[in-house]
């Protein structure tokens, strides 16, 4: 199977590319612009594989995307390329609108032209998997779960841009018949996670004896999904999911942010002890504007239809993650030194 992956040098994308090549035996073309969050070092284990190709390109560049489709001739596309950090979207929404909306539109159009030119059986088998987020649903109350039928209610420029691209993807199926599937995942974590997100930021700030920021009271709840489980789910969806459908992907691991941070500190106390507990570094900071209170995913449709289930629970996955960061300074140290040092993002300047 030949699969074109966009955003394959990112966190989730690189996990997917590794999974497709090592565990599935697929031929992969990785298309990535290599913005600050794209890192080819995450693909070091597969970069010399005969099944792997890389193209540095912007998904908004229609001509280059057409050439990629025509030369690689994919059986499917898994579209992950996106600006994804909420804090960055608060102070710089333009890139999110451009990449997440215009880029998705461009790919849908290029894929539609390519799909229309395929021979009958290839056309029947082709799939376009649009990978999205549970953040499009907005903030959940204390009880209940997000289902595929939950009304969209995005709170941030990031989630609004992803909601728009989801609607485009479904519309291209309904209007043109393009065999599109949409997936919406909960918060991912695991190895090769860019240091600006909560879990890697907590680990690396702790190791460098810097303050560990916790927004507000730390009571915001997220459902955590180990990234390799997500990669496995995406392959199941693109190969066996039904066109025109949406599938939620969640790990079933709801945790308050403060509980996640404290658990990481406890693991570090065990694996890399210091004179004082790491929890002394926890520092409560001003909350993020529009910070959703709770996300919780109902992944039963994915489990019942396709038989997928997460292999890692949070306790096993978070320990693997902390251990990986302890053992792989070669990967994260250049990012901390040259790309993102751990400072606060997404602060709106006070207007007088």
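Of the residues 222, 255, the single one that is modelled with pLDDT under 95, part of a strand (DSSP E or B) and touching a helix residue (DSSP H, G or I) at 6+ places or on another chain (Cβ under 9 Å) is 222.
Restricting attention to the range 136-166, the residues that are at positive phi and either in contact with a strand residue (DSSP E or B) (Cβ under 7 Å, 6 or more places away or on another chain) or surrounded by fewer than 19 Cβ atoms within 10 Å (Cβ to Cβ) (or both) total 1.
The rows are residues; the columns are (1) in contact with a strand residue (DSSP E or B) (Cβ under 9 Å, 6 or more places away or on another chain); (2) over 19 Å from residue 221 (Cα atoms); (3) not in a helix (DSSP H, G or I).
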residue	(1), (2), (3)
264	yes, no, no
269	no, yes, no
274	no, yes, yes
279	yes, yes, no
289	no, no, yes
303	no, yes, no
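Does residue 283 meet the test of being over 30 Å from residue 174 (Cβ atoms) and either in contact (Cβ under 8 Å) with a residue 40 or more places away in the chain or under 19 Å from the mean Cα position of the chain (by Cα) (or both)? Show your work before the answer.
Working: over 30 Å from residue 174 (Cβ atoms): yes; either in contact (Cβ under 8 Å) with a residue 40 or more places away in the chain or under 19 Å from the mean Cα position of the chain (by Cα) (or both): yes.
When the stated conditions are applied, residue 283 passes them.
In this structure, does residue 346 turn out to be touching a residue at least 12 places away in the same chain (Cβ under 8 Å) and at positive phi? Taking the combined requirement at face value, the residue satisfies it.
For the range 82-96, how many residues are touching a helix residue (DSSP H, G or I) at 6+ places or on another chain (Cβ under 6 Å), surrounded by 21 or more Cβ atoms within 10 Å (Cβ to Cβ) and assigned to a loop (DSSP other than H, G, I, E, B)?
So the answer is 2.
A count restricted to the range 286-314 and to residues that are more than 18 Å from residue 226 (Cα to Cα) and loosely packed, with under 13 Cβ neighbours inside 10 Å stands at 2. Taking (1) under 21 Å from residue 233 (Cβ atoms); (2) part of a helix (DSSP H, G or I) in turn, residue 140 satisfies each apart from (2). Given the structure, is residue 30 outside any loop (DSSP other than H, G, I, E, B) and within 19 Å of the chain's Cα centre (by Cα)? Here the answer is yes, as residue 30 does meet what is asked.
From the list 230, 173, exactly one residue is surrounded by fewer than 21 Cβ atoms within 10 Å (Cβ to Cβ), outside any loop (DSSP other than H, G, I, E, B) and in contact (Cβ under 8 Å) with a residue 12 or more places away in the chain. Which is it?
Among 230, 173, only 173 is surrounded by fewer than 21 Cβ atoms within 10 Å (Cβ to Cβ), outside any loop (DSSP other than H, G, I, E, B) and in contact (Cβ under 8 Å) with a residue 12 or more places away in the chain.
In the condition set (1) surrounded by fewer than 21 Cβ atoms within 10 Å (Cβ to Cβ); (2) part of a loop (DSSP other than H, G, I, E, B); (3) in contact with a helix residue (DSSP H, G or I) (Cβ under 7 Å, 6 or more places away or on another chain), residue 101 is compliant with all but (2).
Of all residues in the range 53-76, those being in contact with a helix residue (DSSP H, G or I) (Cβ under 6 Å, 6 or more places away or on another chain) and either part of a helix (DSSP H, G or I) or closer than 14 Å to residue 112 by Cα (or both) number 5. Among the residues of the range 27-38, those that are closer than 18 Å to residue 81 by Cβ and surrounded by fewer than 22 Cβ atoms within 10 Å (Cβ to Cβ) comprise 33, 34, 35, 36, 38.
The values are calculated or read from the model by the stated rules, or taken from the named source; none is laboratory data. This one's a predicted model, so the numbers in the text were calculated from it and none came from an experiment. Quick reminder, even Gly has a Cβ in these numbers, built from the backbone with ideal geometry, and neighbours come from all protein chains shown.
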